[in-house]
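Notes for the one structure printed next.
The values are calculated or read from the model by the stated rules, or taken from the named source; none is laboratory data. Worth saying up front: this structure is predicted, and the values here are computed from it rather than measured. No Cβ is skipped: glycine too gets one built from the backbone with ideal geometry, and neighbour counts run over all protein chains shown. Heavy atoms of the whole protein, side chains included, go into the accessibility calculation; ligands, DNA and RNA do not. Shrake-Rupley method; radii C 1.70, N 1.55, O 1.52, S 1.80 Å.
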Amino acid sequence: MRAATDAERPNRTARGRSIRTRLLLALLLISLLTLGLTTLLSSLMDLKIYRDNNVRDIQVLAGVVGDNCISALVFDSPETASRHLATLEREYQVRSAILYDDSGAVFARWQRADHPLASAADQRWDRTLGQIGVLQTRVTATHPIQFDGQAIGHIVLHARLDEMMSELRLNALLGLAIGLVTFAVALIVALRLQRRIAQPILELAATSRTISQQQDFSARVKDPNAGGEISTLVQDFNAMLNAIEQRETSLQRQSEALRQVNAKLRRLAVDVSVLEQTERARLATELHDSPMQKLALAQMQIAAAGSETDDESTQLRNTGLELLREAIAELRTLQFDLSPPVLAQRGLPGALPWLAESTQSQWGIEMHCEIDSTLPELSQELSVILYQCTRELVYNMVKHARARRGAIRLGCHEGMLLLEVEDDGIGLARAPMADAESMPVTALQSEAGSGFGLYRVRERLALLQGSLSVQVLTPGARFSIRLPVGCDNGYSE
Amino acid sequence: MLRISSILAAILRSRRLWRALCVILALVAVWVPAPSRADEALITTLKAAYLYNFTKFIDWPPESLGKRFVIAVAGDEALTVALRTLERQRKQVKDLPIEIRALEDKAKPMACQILVIGRGAQGRLDQLLQFTAGEPVLTVGDAPGLTSRGVAINFTLRGDILGEGQRLRFQINPSVLKGRGLKVSAELYDVAEIIP
């Protein structure tokens with residue numbers, strides 16, 4: 001009940017009338033106007049028919065009485081004519097009758113005794129509404145009298161249709177009574193009708209307010225199934241809510257995706273920082289473990305040799321120089337590991353065979369490299385990323401797989417760029433997996449024992465809509481990188 | 001005052017005076033002024049018109065009608081002259097031309113539809129009625145008391161006590177009309193004095 005009251009409030013106009021009240025007033029006004037006009041027209045028609053009939057009766061009466069007076073006129077008998085005129089006493093509407101002879105002189109006359117003059121009310125009526133034709137109560141009928149083909153006079157009857165006044169009053173009372181009854185019936189019917197008509201609009205308004213207050217776009221207005229404008233309004237309103245809800249859902253999805261991308265970017269930023277630190281530490285360890293030791297020993301050997309020319313000094317000097325050459329070679333290898341010049345010169349198809357050869361010569365693992373000749377040209381950025389991912393997988397193989405043979409393959413398959421690194425090592429200790437995507441990164445990391453490596457590869461590939469999967473072989477394992485062809489366009493920007 | 005009242009009382013008590021007053025009142029009551037010469041002509045014209053109008057309210061047996069509608073007049077030359085006006089006006093009755101015939105003294109009435117018996121033929125009234133007895137002839141008289149003697153319609157004069165507004169009236173004897181086979185409209189009875 002309270003909800004209904006709240007629903008009605010917004011529909012009130014500035015003049016303080018609700019839709020229901022205005023509908024009620026409109027229905028009542030139309031009903032009363034229709035009834036009033038119908039009653040008025042019906043009354044006027046009744047009065048006209050009544051008056052026409054009476055006028056015709058009085059004209060017929062004038063003809064009959066006039067014909068009866070023919071012999072009186074012919075034989076000059078006014079008393080006979082008066083006797084005939086006196087028979088009009090029975091016709092209560094006739095007030096007076098005058099019989100004229102052929103010269104126009106009054107031959108006989110009769111006048112009702114009980115109503116010699118019109119009453120004051122009759123005179124007022126004659127001055128006002130009596131001017132209207134259909135409401136005129138005074139009637140004059142004239143009838144010519146002929147005898148032997150000649151006019152011998154005429155008769156004039158004056159009548160007053162008093163019954164018409166009572167008929168009019170009766171009609172007015174009847175119309176008033178019908179009007180009151182109709183008003184009551186129309187009020188009851190209109191109250192019920194306007195409730196049925198206004199209810200869907202009120203529900204619509206209530207739903208609209210609920211939505212605006214609670215921001216709940218899942219609410220819907222029940223279709224009254226009444227057809228017409230209200231059903232159309234409700235259906236359109238619900239369709240608008242559907243559109244708003246879909247847009248809201250889409251916005252929420254996009255917002256969630258944006259939030260996830262932001263989180264990923266933040267993680268990548270941290271990862272990049274950690275990676276840099278790791279690389280620096282690895283570089284420092286590499287420099288400290290071998291080149292720096294060798295340089296320091298070479299410095300000591302050469303310093304001990306001094307400028308002496310004996311054999312021992314010469315041996316020390318030669319040993320120092322050998323150590324210097326080894327250090328220089330290691331530093332060059334280190335430089336190549338970080339960024340091989342062949343990658344910049346010949347691209348990924350040239351760098352991957354160099355990586356295979358370098359791995360084989362450095363770690364003694366028999367490496368095999370296959371490059372698809374139909375490979376499309378790759379951008380420099382994509383080549384660098386793919387090289388770093390491949391190097392990470394090869395480094396992972398060298399470090400953990402205990403493999404004797406390995407292979408690197410680059411080609412296209414079903415519109416995807418496919419890069420595989422395969423070995424015959426110990427593989428993964430856990431159960432075989434068909435797809436690494438289904439395994440958490442942390443689990444894969446711990447399984448591979450590569451710490452940061454595989455996670456870093458997956459994150460880089462994810463930025464290019466690529467994927468990394470691992471397949472357990474017997475023996476060994478196969479890591480597969482899949483990238484859509486042309487994925488580097490967006491990345492390069 | 002006493003003297004005047006005593007004189008008036010003496011006059012009212014006089015029987016001779018009362019007798020003279022009653023005679024005067026009786027004379028006034030029965031006095032009908034004699035019509036003047038102009039009134040006589042007017043009355044004659046009216047009689048002619050009435051005679052013509054009678055034919056509109058009376059039906060004759062068809063077999064009694066010939067080629068002309070004959071009105072015979074006995075003993076009234078003035079009326080004959082007035083009726084000839086109708087003849088000259090080529091008036092018709094029952095689609096027949098009117099013919100006016102004056103009936104000579106002692107002549108037998110010829111075949112006619114109306115026989116007017118004027119004041120000049122009062123002497124042989126019975127003879128004329130006897131000649132036309134049983135015939136479909138409308139007999140019209142012009143003297144008081146003729147309807148009781150067998151005349152069908154008889155003209156009379158009626159006026160007020162002072163002699164003004166005299167009107168020509170007529171009496172009808174329905175039994176005579178019925179005996180002669182004539183059918184009379186009720187309207188004619190309406191304006192006539194019925195003599196049973």
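Using 1/(1 + (r/R0)^6) with R0 = 30 angstrom and r between the beta carbons of A:MET292 and A:VAL270, what's the FRET efficiency to the nearest 0.05?
For A:MET292 and A:VAL270, the calculated efficiency is 0.50.
May I ask you to give the solvent-accessible area per residue for chain A, in square angstrom, as obtained with a 1.4 angstrom probe?
59 Å²
Over both sides of the B-A contact, add up the buried accessible area with a 1.4 Å probe and give it to the nearest 100 Å². Mind dumping the intermediate values first?
Numbers: alone 12200 and 29840 Å², together 40810 Å².
Approximately 1200 Å² gets buried when B meets A.
Based only on the alpha carbon positions, what is the Kirkwood hydrodynamic radius of chain A, in angstrom?
35.9 Å
Short version: which residues of the range A:44-84 lose at least 40 Å² of accessible area, all chains versus chain alone, 1.4 Å probe?
A:SER71, A:PHE75, A:ASP76
Out of A:SER307, A:ALA296, A:VAL272, whose Cα points farthest toward the positive end of the dipole of the range A:263-310 (charges: +1 Lys, Arg; -1 Asp, Glu; placed on Cβ)?
A:VAL272
What figure, in Å² to the nearest 10, do you get for the accessible area of A:TRP354 with a 1.4 Å probe and non-protein molecules left out?
Answer for A:TRP354: close to 60 Å² accessible.
Each residue of the range A:231-239 in order: what ³J(HN,Hα) in whole Hz does its phi give by Karplus 6.51 cos²θ - 1.76 cosθ + 1.60, θ = phi - 60°, with x for Gly and Pro?
Listing the rounded values in order: 4, 4, 4, 5, 5, 5, 5, 5, 5 Hz.
Counting only protein chains, not ligands or nucleic acids, how are B:PHE170, A:PHE107, B:PHE131 ordered by accessible area (probe 1.4 Å), most first?
Details: B:PHE170 5, A:PHE107 30, B:PHE131 85 Å².
So, going from the largest accessible area down, we get B:PHE131, A:PHE107, B:PHE170.
Checking buried surface per residue: for the range B:164-189, which residues lose a minimum of 50 Å² accessible area in the protein assembly relative to the chain alone (1.4 Å probe)?
Hits at the 50 Å² cut-off: B:ARG167, B:ARG169, B:GLU187.
State the Cα centre-to-centre distance between the range A:313-355 and the range B:113-148 in whole Å.
The range A:313-355 and the range B:113-148 have Cα centres spaced 187 Å from each other.
Near A:VAL261, within a Cβ-to-Cβ distance under 13 Å, what is the net charge of the other residues, with Lys and Arg +1 and Asp and Glu -1?
Values: positive: A:ARG253, A:ARG259, A:LYS264, A:ARG266, A:ARG267; negative: A:GLU256, A:GLU459.
Neighbourhood net charge equals +3.
Quote the charge dipole size of chain A about the Cα centre in Debye, to the nearest 20; the model charges only the Cβ of Lys and Arg (+1) and of Asp and Glu (-1). List each step's numbers first, then the result.
On the way: 51 positive and 58 negative charges, 467 e Å.
Charge dipole, chain A, about its Cα centre: 2240 debye, nearest 20.
Tell me, what HN-Hα J-couplings in whole Hz come from the Karplus equation 6.51 cos²θ - 1.76 cosθ + 1.60 at θ = phi - 60° for each residue of the range A:252-259, using x for Gly and Pro?
For the range A:252-259, the Karplus-derived couplings read 5, 5, 5, 5, 5, 5, 5, 5 Hz, x marking Gly and Pro.
Modelling each spin label as a point 7 Å along the Cα-to-Cβ direction, I'd like the B:GLN166/A:ALA344 distance in nm, to one decimal.
With each label point 7 Å from Cα toward Cβ, the separation is 17.1 nm.
Do any residues of the range B:47-62 lose at least 10 Å² of accessible area when the full set of protein chains is present rather than just their chain alone, and if so which, with a 1.4 Å probe?
The answer is B:TYR50, B:TYR52, B:ASN53, B:LYS56, B:PHE57.
To the nearest 20 Debye, how big is the dipole of the range A:159-314 about its Cα centre, given +1 on the beta carbon of each Lys and Arg and -1 on that of each Asp and Glu?
1520 debye
Suppose only helical runs count, i.e. DSSP H with n ≥ 4. What mean residue ellipticity at 222 nm does that imply for chain A under -39500 (n - 2.57) per run, divided by all residues and rounded to the nearest 500 deg cm²/dmol? Intermediate results must be reported in sequence, preceding the final value.
Numbers: 15 runs with 300 residues, N = 493.
Estimated from H runs of four or more residues: -21000 deg cm²/dmol.
Only four residue types carry charge here, +1 at the Cβ of Lys and Arg and -1 at the Cβ of Asp and Glu. Report the dipole size of the range A:210-268 about the Cα centre in Debye, rounded to the nearest 20.
Values: 8 positive and 7 negative charges, 137 e Å.
My answer is approximately 660 debye.
On a full-extension model of 0.36 nm per residue, what is the gain between A:GLN150 and A:LEU193, subtracting their alpha-carbon distance, rounded to one decimal in nm?
Contour length minus the Cα-Cα distance gives 8.2 nm.
How much of the accessible area of chain A, probe 1.4 Å, is carbon plus sulfur, in whole percent?
56 percent
For B:VAL73, what residues show an amide H to amide H distance below 5 Å, using hydrogens built from the backbone and excluding near sequence neighbours?
Here B:ARG101, B:ALA102, B:LEU103, B:VAL116 satisfy the definition.
Taking a temperature of 10 °C and a viscosity of 1.306 mPa s, what whole-number D in µm²/s does Stokes-Einstein yield for the range A:355-401 with Rh from Kirkwood over alpha carbon pairs?
D = 133 µm²/s.
With the dipole of chain A worked out from charges on the C-beta (+1 for Lys and Arg, -1 for Asp and Glu) around the Cα centre, which of A:ASN68, A:PRO200, A:PHE217 lies farthest toward the positive end?
After comparing all options, I get A:ASN68.
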